[in-house]
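The values are calculated or read from the model by the stated rules, or taken from the named source; none is laboratory data. Here the structure is a predicted model, which is why all the values come from computation and not from measurement. Cβ placement follows ideal geometry from the backbone for every residue including glycine, while neighbour counts extend to all protein chains displayed. For accessibility, only protein heavy atoms count, side chains too; no ligands or nucleic acids. Shrake-Rupley method; radii C 1.70, N 1.55, O 1.52, S 1.80 Å.
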Amino acid sequence: MSTNKTFTMIKPDAVADGNSGAIIKMIEEAGFRIVALKKTKLTAERAGEFYAVHAERPFYNDLCKYMSSGAIIPMILEKDNAVADFRTLIGATNPANADEGTIRKLFAKSIEANAIHGSDSDENAQIEGNFFFGQVEQY
Ligand code: GTP
Ligand code: MG
């Protein structure tokens, strides 16, 4: 178990808009340490695998199309209470409901193109980190 880690990815809208540097700065200033980071692109199939939990939702096909529409930046992050603190930093799924100063309030365009992902549990953080990075060396 790695209860002090979470997984995130900067989504295609934020990467395409040139906001990844500003977002990573906010993440580091909030006390998260970057354990792993890369720039990559998902196929629609891989996006579908990542969001398989939402397969029955009406927005699933659009979500897979959007998440495979451009480059993303996945990261594994480390901090005490990482999962909960990171969800606080990114704000609500719908930027219209996100608190002032959160990443989604600042950078998200819509409930779908909402700039960034954050794992919702320690278990999913581990599964999602493995999905992109497999076993990681710690530096
Ligand atoms: P993630 O950190 O990306 O998992 O977001 P979340 O945990 O805040 O939301 P959730 O897991 O419920 O939804 C996953 C993603 O699906 C969201 O981040 C959005 O990109 C997209 N999404 C969620 N709800 C809607 C919706 O009602 N309509 C559309 N078009 N997309 C949605
Ligand atoms: Mg989620």
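Brief remarks on what is shown
- A cut-off of 5 Å between modelled amide H atoms, ignoring neighbours fewer than 5 places along the same chain, links Val35 with Ile76, Leu77, Glu78.
- Lysines whose Cα lies under 29 Å from that of Lys79, excluding same-chain neighbours fewer than 8 positions away: Lys5, Lys11, Lys25, Lys38, Lys39, Lys41, Lys105, Lys109
- Solvent-accessible heavy-atom area per residue, rounded to whole Å², over the stretch 20-139 at 1.4 Å: 55
- In the chain, inverting the average of 1/r over every pair of distinct C-alpha atoms gives 14.9 Å as the Kirkwood radius.
- Put the Cα centre of the stretch 46-74 next to the Cα centre of the stretch 78-139 and the gap is 15 Å.
- Highest average packing first - 13-23, 129-139, Cβ atoms within 10 Å: 13-23, 129-139
- Counted charge near Ile34, where neighbours are those whose Cβ lies closer than 9 Å (Asp, Glu -1; Lys, Arg +1): -1
- Taking a sphere under 13 Å around the Cβ of Gln126 and counting the other residues whose Cβ falls inside, with K and R at +1 and D and E at -1, yields a net charge of -4.
- In whole angstrom, the stretch 21-95 maps to an equivalent ellipsoid with semi-axes of 25, 15, 11, each derived as √(5λ) from the alpha carbon gyration tensor and ordered largest first.
- Label-to-label distance for Val136 and Ile111 is 3.1 nm, based on points extended 7 Å past Cα in the beta-carbon direction.
- Mean Cα-pair separation over length for the chain, i.e. relative contact order, pairs under 8 Å, 6 or more apart, %: 38
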